[in-house]
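The values are calculated or read from the model by the stated rules, or taken from the named source; none is laboratory data. All of these numbers come straight from a predicted model, not from anything done at the bench. FYI the Cβ positions are ideal-geometry reconstructions off the backbone, even for glycines, and counts take in every protein chain you see. To get the accessible areas, we keep the full protein, side chains included, count just its heavy atoms, and leave off ligands, DNA and RNA. Shrake-Rupley method; radii C 1.70, N 1.55, O 1.52, S 1.80 Å.
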Amino acid sequence: MEGSPTRGTVLKQYSGTGPATISIGPLPKGHKKLGTTVLCSGTGDWKVNIVQDGTPGWGSSGCSLSGGSSIAYPVANSAKDSTVKVDVAANATLWATVYSTK
């Protein structure tokens, strides 16, 4: 419905120590953006690369456990696979949620 809020779909979740590479299949029908929400321990930064067909979208911020940060980018072709790479310090605990939106 036009004018309604955009709803996201959680595609994958990751928890463990970083860094992490998360493979994502085609997005749900009508979805054109791929995003990631990140929480991580430690005092370092995190960096996310969303890569499809060699064209990356990226974002970064400082690690925090008190509130996650998100990035979302339009993908070139929602029917193709994508890769989400999350870089953090090797000893940092990482929680990442990968989602898609319209």
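Can you tell me which of LEU27, LEU39 is in contact with a Leu (Cβ under 8 Å, 6 or more places away or on another chain), open to solvent by less than 60 Å² (accessible area, probe 1.4 Å), of a type in the set (A, V, I, L, M) and in a loop (DSSP other than H, G, I, E, B)?
Among LEU27, LEU39, only LEU27 is in contact with a Leu (Cβ under 8 Å, 6 or more places away or on another chain), open to solvent by less than 60 Å² (accessible area, probe 1.4 Å), of a type in the set (A, V, I, L, M) and in a loop (DSSP other than H, G, I, E, B).
May I ask you to list the residues in the range 29-64 that are at pLDDT 85 or above and of a type in the set (Asp, Glu)?
Selection gives ASP45 alone.
Considering (1) in a strand (DSSP E or B); (2) open to solvent by 50 Å² or more (accessible area, probe 1.4 Å); (3) touching a Pro at 6+ places or on another chain (Cβ under 6 Å), say which one ASN49 fails and leave the rest.
Unmet condition: (2).
In the range 65-87, is there at least one residue being more than 16 Å from LYS102 (Cα to Cα), at pLDDT 85 or above and touching an Asp or Glu at 6+ places or on another chain (Cβ under 8 Å)?
Checked against the condition, which is being more than 16 Å from LYS102 (Cα to Cα), at pLDDT 85 or above and touching an Asp or Glu at 6+ places or on another chain (Cβ under 8 Å), the range 65-87 yields no hits at all.
Filter the range 64-99 down to residues that are of a type in the set (Val, Ile, Thr) and in contact with a Lys or Arg (Cβ under 9 Å, 6 or more places away or on another chain) and give me whichever is surrounded by the fewest Cβ atoms within 10 Å (Cβ to Cβ).
THR97
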